[in-house]
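The values are calculated or read from the model by the stated rules, or taken from the named source; none is laboratory data. Owing to the predicted nature of the structure, the values given are computational and were not obtained by experimental measurement. So basically every Cβ, Gly included, is an ideal-geometry build from the backbone, and we count neighbours across all protein chains shown. Accessible surface is based on the protein model in full, side chains and every heavy atom, while ligands, DNA and RNA are left aside. Shrake-Rupley method; radii C 1.70, N 1.55, O 1.52, S 1.80 Å.
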Amino acid sequence: MNSDTSRLFIRACFRQPVRRTPVWMMRQAGRYLPDYRAVREKYDFITMYKTPELVTLVTLQPVERLGVDAAILFSDILVIPEAMGMDLQFLEHRGPVLARPIREDGHIDALKDVEPEVDLAFVLESIRQVRRELNDRVPLIGFSGAPWTLATYMVEGGSSRHFGQIKRWRFAHPVGLHRLLEKITRAVVAYCRAQIAAGAQAIQLFDSWAGILDATGFNEFALNYVHRIIQQIRTPGVPIIYFARGAGTWLSRLSRCGADVIGLDWQVDLGLARRVLGEKAALQGNLDPTALYAPPPVIRKQVREMLRQYGPGSGHIANLGHGILPDVPVEHARAFIEAVQTESPVWHTQQTATRPEEP
Ligand code: 1CP
């Protein structure tokens, strides 16, 4: 891969001209890859993300197998609650479980301030190893959960169906919730800064549960904190991506957080998002992850449609609208990557005459 390819992703994040659209997939280091499953058979998930050699191995798998244009560090957003002193387990068929969830003010006081160099040294060492191994073939994306999403796991004690506990805090005890979000925000700022210092070349903030909030709540409990984080971690040349799942109804507000790139879930109309946000941010996304169940010719058609919706010019990073599903055949994932890489150049040529017609 030449150096032009290695810069595609970063250039598109800053809306600089590119010769084609870069592409990667959320959860690209994961169970749909036979190579990942082979490693996972031998180690549990927590051992995997705490062992830099294993992190390096699985972070590079999609780069080598699929030719994606960016690597994302193999880790999890829940390392922050764990570093703050909560006991974390991942149970088969149930997902993450945090023991003794945060239910009263006293529980907030008991949470530790995070020192990334001490408490999350395994992440920082992993970043250094992955960078060495990647040798600038593609950039490495570091990430963190956004405060609101981390708070949902810390208050609910894991995944949730109705989010009754955190919503109780939101309406019945907002002062307490803000105190918790403040404390998480400090940890996220320190963590993102440390990842950048260790070599992360972009940062994605995952707000996977933004969509359970009401419109005012989204500003007050999610966006405000993300805005502060972005101001405090901003580093020249390091793009920041904000992925707020379910926030498509609040498109016009999303750019207020100051991110260079707004990640879109699959329900958002990409063309509309560009009209609303295109002058302010690059856009990442947003093919429905279940589209990858279809055979490769259908995937290619869907990719063409996604590229057409965005339209000509830079500022688009192709991705799925959420993580790739574990039972997607690996050839279908490859078809998605290849389709973006081969279909997109036409949208980046100077002559408008060569652009595909609208159907
Ligand atoms: O058993 C296994 O093999 C573990 C499955 C797994 C994996 C591969 C989990 C448990 N997390 C991960 C990796 C992971 N998680 C990455 C790695 C990089 C990549 O390839 O993308 C990233 C970026 C995450 C981020 C993450 N973890 C999010 C935000 C993104 C999203 O999916 O919305 C969330 C919400 C989590 C929590 C989490 N960790 C694992 C699961 C199953 C979950 C979700 C639980 C839920 O639905 O509430």
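Which of the lysines could a cross-linker span from Lys280 if the Cα-Cα distance has to be under 30 Å and same-chain partners fewer than 8 positions apart are dropped? In chain and number order, the partners are Lys183, Lys301. Computed over the chain, the per-residue total of -39500 (n - 2.57) for DSSP H runs of n ≥ 4 gives a 222 nm mean residue ellipticity of -13500 deg cm²/dmol, rounded to 500.
Provide the FRET efficiency to the nearest 0.05 for the Glu115-Glu53 pair, computing r from the beta carbons and using R0 = 22 Å. That gives a FRET efficiency of 0.40. When the chain is treated as a Gaussian network with alpha carbon springs shorter than 10 Å, the biggest mean-square fluctuation among Thr152, Thr51, Thr216 belongs to Thr216.
In terms of the Cα gyration tensor, with a ≥ b ≥ c the square roots of its eigenvalues, is the stretch 152-295 rounded because a/c is under 1.5, prolate because a/b exceeds b/c, or oblate? Cα axes put the stretch 152-295 in the oblate bin.
Over the stretch 278-336, what is the relative contact order in percent, taking alpha-carbon pairs closer than 8 angstrom and at least six residues apart? 54 percent. If you wrap the Cα atoms of the stretch 1-121 in a convex hull and average its projected area over all directions, you get 10.3 nm². With the whole protein complex present, Cys13 retains an accessible surface near 0 Å², based on a 1.4 Å probe.
Between 0 and 90 degrees, the angle of helix 174-198 with respect to the longest Cα principal axis of the chain falls at about 50 degrees. Solvent exposure of the chain amounts to 42 Å² per residue of accessible area, where only protein heavy atoms count and the probe is 1.4 Å. On the protein heavy atoms, probe 1.4 angstrom, tell me the percent of accessible surface of the stretch 1-113 carried by carbon and sulfur. It is 47 percent, rounded to a whole number. Here the peptides 315-324, 299-308, 92-101, 164-173 are ranked by packing, the mean other Cβ count within 10 Å, and the order with the highest first is 315-324, 299-308, 164-173, 92-101. Normalised by the number of residues in the chain, the average gap of Cα pairs under 8 Å and 6 or more apart makes the relative contact order 22 percent. Let me spell out the model: positive unit charges on the Cβ of Lys and Arg, negative unit charges on the Cβ of Asp and Glu, origin at the Cα centre of the chain. What dipole size does that give, in debye rounded to 20? Here the size comes out at about 640 debye.
Computed over the chain, the Cα gyration tensor eigenvalues convert (square root of 5λ each) into semi-axes of 32, 23, 19 Å, ordered from largest to smallest. Cα axis of helix 3-13 to longest principal axis of the chain: angle in degrees, 0 to 90, nearest 10? With both axes taken from Cα atoms, the answer is about 60 degrees.
Can you give the angle from 0 to 90° between the axis of helix 147-156 and the longest principal axis of the chain, with both taken from C-alpha atoms, to the nearest 10? Helix 147-156 and the main axis of the chain meet at about 50 degrees.
Couplings 3J(HN,Hα) of the stretch 121-136, computed from phi: 4, 5, 5, 5, 5, 4, 4, 4, 5, 4, 4, 4, 5, 5, 6, 6 Hz, in residue order, whole Hz [Karplus 6.51 cos²θ - 1.76 cosθ + 1.60, θ = phi - 60°; x for Gly and Pro]. Report the label-to-label distance for Glu279 and Phe45 in nanometres (one decimal), using points 7 Å from each Cα along the Cα→Cβ vector. Simple spin-label model gives 4.3 nm for this pair.
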